[in-house]
1. Give, as residue ranges, the strands (runs of 3 or more DSSP E) completely inside segment B:89-195 that count at least 2 residues that are closer than 30 Å to A:Gly102 by Cα and among the polar types (S, T, N, Q).
2. Would you point out the residue of segment B:60-102, among those that are more than 14 Å from chain A (Cβ to nearest Cβ) and hydroxyl-bearing (Ser, Thr, Tyr), that is farthest from B:Ser370 (Cα to Cα)?
3. Tell me, which residue of segment B:322-343 that is among the aliphatic types (A, V, I, L, M) and within 9 Å of chain A (Cβ to nearest Cβ) is surrounded by the fewest Cβ atoms within 10 Å (Cβ to Cβ)?
4. Given the criterion out of contact with any strand residue (DSSP E or B) (no Cβ under 6 Å at 6 or more places or on another chain) and among the small types (Gly, Ala, Ser), identify the matching residue among B:Gly264, B:Gly310, B:Gly232.
5. Of everything in segment B:344-381 that's in a loop (DSSP other than H, G, I, E, B) and of a type in the set (Ser, Thr, Tyr), which residue is surrounded by the fewest Cβ atoms within 10 Å (Cβ to Cβ)?
6. Restricting to segment B:187-212, give me the number of residues that are more than 10 Å from chain A (Cβ to nearest Cβ) and over 19 Å from B:Tyr152 (Cα atoms).
7. Within segment B:257-292, how many residues turn out to be at pLDDT 90 or above, among the small types (Gly, Ala, Ser) and touching a helix residue (DSSP H, G or I) at 6+ places or on another chain (Cβ under 9 Å)?
8. Scan segment B:294-312 residue by residue and report those that are more than 8 Å from every other protein chain (Cβ to nearest Cβ), assigned to a strand (DSSP E or B) and not hydroxyl-bearing (Ser, Thr, Tyr).
Amino acid sequence: MNRLVLAGALLAGACGTATDDRPPTLDYITETILAPSCATAECHSAFKRQVGDVFDTPASARRTIVANQLVVYPVDVADPAHSFLITTLTVGSPSILSPGSGNVRMPYDAPMPDADIQLLEAWIAGGAHGAQCEPNADHRGCSVRTVAGQAEYAVVECNDGDVGAVVTVCPSDQTCQFYRGNGTCQP
Amino acid sequence: MTSARLAGLAVVGLLVLALADHRASAYPQFQLSRDQTCSSCHLSPSGGGLLGENGENVAEAGSQFGTAPGFMYGKLPMPSWLALGGDVRGAAGYIRTPDNAVTGFPMQADLYAHAAYRGFSVQLTAGVRPAQWITGNGTPGVLDRLWSREHYLMWQQDSGGSNGLYVRAGRFLPVFGLRFVEHPDYTRRYGGMPLYAETYAAAIEYVTPAWEAHLTGFVEDPLIDPVAHDNGVAAYAEVRPNPQFAIGGEAMLTTSDGLAKVRGGATGKRYLPSADVLVQAELQLVHQQVNGRRAPTQVVGYVMASRSFGAAFLLDVGLGHYDENLAIAGLDRDAVDVNLHWFVTSHFELVLQNRIAGIGLGASTGGPTSGWSLLHGHYRL
């Protein structure tokens, strides 16, 4: 047992020294940063979907980032530090659960390492590949669909050069409008 | 009487029971100091949930004010084939992660039922779940707040006993590692056993005072949006060369949506009777692949020392370490937990939970220091 405790203590003191060569891709940052830090049971897992954000898989992270404007392509590419995603991690953003109560910084249960935030910024600065939303001449970005027997509903249908369509169904009291270049659900 | 009034009375009844003073269930912190196996106190071969007769006796003997330890204080006699119970938990206090906040939240409200016939049994856990977010901060319906966290069919070789072969299938938490109750402990939070990781699984398990082994195969829950999306297999074995010492090994392989993980590790437990201290530790190495490409190798560890004192107090001091990437500086976390349990009655427990955590200790990069101090109340039906 003493040896086990000693091994633990030694590992606790060990730190890497290599240059941060992690790939700034949506798949990588979701699986190694966003999912373990944010997709916890009571927060942004598919189980809870707190404030509509889900980060447990690359597909859900893509949908969340596009639909909830956490990174707005192409605007935020030039200034990642001021994207909603990064400001929420660094200085906080207005609480959605308790409007008017001030800013809330994420993750709520344990801060994120600076190096992880820098990798997220590098992904945005590199073009936010995997979570772009580019309207084109076919009005991709906003459209209206119908389901048999139901009312029409608006959808955000974005085209990402890397991964194809990201489809978000707007709530019945919202329509799809272009906002800072993205098609988004708006009241 | 309408169903709404019945539900209302049930809620009021639970609140009254929660406010009445009467102790809480056992923990891994009691293993070796009280008995060798989890199944000696719990009906489940891996611990947690309903207590057996021995567990109830431990609950009574270790509490400040005693009280009848059985379900509903024994006022509601149960036939021998049926066991009922429940747990209600909530917490409130101060957190700094890194912003300061005063917070309070419910943690658990579960009812348990266990029906046995000879060597066969059915276990059901039903209760309240956190409802999924509804767009516009809407209000979920009652049914959106209910679920069954565990339900499984089990066969055990030693009918009515606590040793031997167990086989079970259904929805439960795969058996792996030290299995602390406190889910923020790093070997649970980052060690493959997060909160609500229960899923559909089948397990074959063997438990004796001298050793135990558990092999669990599991799949992503196909019925709800789950917390864990893993398919895989978990193995855990523990050998106890003497009643005060245990050493274990563990392995888990999981795959999910482009992510593959292999976890391997060891556990150790040593009870020091002279000091009445149990020290237990778990250390895991984690190898990952994202879309077939090598991703960071990680290490997760936790060491906890527990000591009972006074008539009904238990002090835990834990050290957690999690390095999300062994190759890069500033990505490791360390936490110190100090938890003080007071077993007020056989059914009611108060826990003062405290943590201070840092990122990248000793490195030029890191992150904010964080922590919390929470008072946690736990009532066992």
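1. On the way: elements: B:100-117, B:120-128, B:146-156, B:164-172.
Counting at least 2 such residues, we get B:100-117.
2. Filtering first and then ranking leaves B:Ser80.
3. B:Ala327
4. Of the residues listed, the single one that is out of contact with any strand residue (DSSP E or B) (no Cβ under 6 Å at 6 or more places or on another chain) and among the small types (Gly, Ala, Ser) is B:Gly310.
5. Across segment B:344-381, the extreme among qualifying residues is B:Ser364.
6. Count: 9.
7. 4
8. Within segment B:294-312, B:Arg294, B:Gln298, B:Val300, B:Met304, B:Ala305, B:Arg307, B:Phe309 qualify.
The values are calculated or read from the model by the stated rules, or taken from the named source; none is laboratory data. If you're wondering where the values come from, they're calculated on a predicted model, not measured in any experiment. Please note: Cβ atoms are built from the backbone with ideal geometry, for glycine as well, and neighbour counts cover all protein chains shown.
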